Amino acid sequence: MRVIKPLYAARLEDLGLGDFVRVECICSHEELLPASGFIQGMKLLPSCQVLDLAPKMRCRECDAKGKATVSVEWKK
């Protein structure tokens, strides 16, 4: 059985298949992104904390950077 970590302690390496990072902008645009998108696409380390992603995110709709909130949607 897998242990689900609290958001403040979650790292990209803790996310498995079916787990997503939910990124929500202040303009209410929302995306679900897999951990592999951050590790392979953005070239971030697997040890990067999920909460540290918010300032790095830019909205595709309104182009705002650093105005997003992040959370984890764990596979059920």
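The values are calculated or read from the model by the stated rules, or taken from the named source; none is laboratory data. Since this is a predicted model, take the numbers as computed values, not measurements. Reconstructed Cβ throughout: ideal geometry from the backbone, glycine too, with neighbour counts over all protein chains shown.
Do we find that Ser71 is within 13 Å of Val21 (Cβ to Cβ), among the polar types (S, T, N, Q) and touching a Leu at 6+ places or on another chain (Cβ under 8 Å) in this structure?
Working: within 13 Å of Val21 (Cβ to Cβ): yes; among the polar types (S, T, N, Q): yes; touching a Leu at 6+ places or on another chain (Cβ under 8 Å): yes.
Yes; evaluated as a whole, the condition is true for this residue.
From the residues in the stretch 17-48 that are closer than 26 Å to Arg2 by Cα and of a type in the set (S, T, N, Q), which one is nearest to the chain's Cα centre (by Cα)?
Ser36
Go through the stretch 49-68 and count every residue that is under 19 Å from Gly18 (Cα atoms) and either in a loop (DSSP other than H, G, I, E, B) or touching a residue at least 60 places away in the same chain (Cβ under 8 Å) (or both).
0
A quick yes/no check of all residues on (1) hydroxyl-bearing (Ser, Thr, Tyr); (2) loosely packed, with under 13 Cβ neighbours inside 10 Å; (3) touching a strand residue (DSSP E or B) at 6+ places or on another chain (Cβ under 9 Å); (4) not in a helix (DSSP H, G or I):
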position	(1), (2), (3), (4)
Lys5	no, no, yes, yes
Glu13	no, yes, no, no
Gly16	no, yes, no, yes
Val23	no, no, yes, yes
Ser28	yes, yes, no, yes
Leu32	no, yes, yes, yes
Phe38	no, no, yes, no
Leu44	no, no, no, yes
Ser47	yes, yes, yes, yes
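Listed here are the residues, each with its yes/no results for (1) touching a Ser or Thr at 6+ places or on another chain (Cβ under 7 Å); (2) modelled with pLDDT of 95 or more.
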position: Val3; (1), (2): no, no
position: Glu24; (1), (2): yes, yes
position: Gly41; (1), (2): no, no
position: Val50; (1), (2): no, yes
position: Lys56; (1), (2): no, no
position: Arg60; (1), (2): no, no
position: Val70; (1), (2): no, yes
position: Lys75; (1), (2): no, no
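May I ask you to list the residues in the stretch 49-65 that are surrounded by fewer than 17 Cβ atoms within 10 Å (Cβ to Cβ) and more than 18 Å from Leu7 (Cα to Cα)?
Of everything in the stretch 49-65, those that are surrounded by fewer than 17 Cβ atoms within 10 Å (Cβ to Cβ) and more than 18 Å from Leu7 (Cα to Cα) turn out to be Arg58, Arg60, Glu61, Cys62, Asp63, Ala64, Lys65.
Glu73 passes all but one of (1) closer than 24 Å to Val3 by Cβ; (2) out of contact with any Asp or Glu (no Cβ under 8 Å at 6 or more places or on another chain); which number fails?
(2)
Which of the residues spanning the stretch 45-70 are in contact with an Asp or Glu (Cβ under 9 Å, 6 or more places away or on another chain) and either among the charged types (D, E, K, R) or closer than 14 Å to Arg11 by Cα (or both)?
Scanning the stretch 45-70 gives Leu45, Pro46, Ser47, Cys48, Val50, Arg60, Val70.
Tell me, yes or no, whether the stretch 9-20 has at least one residue that is of a type outside the set (Val, Ile, Thr) and within 18 Å of Lys67 (Cβ to Cβ).
no
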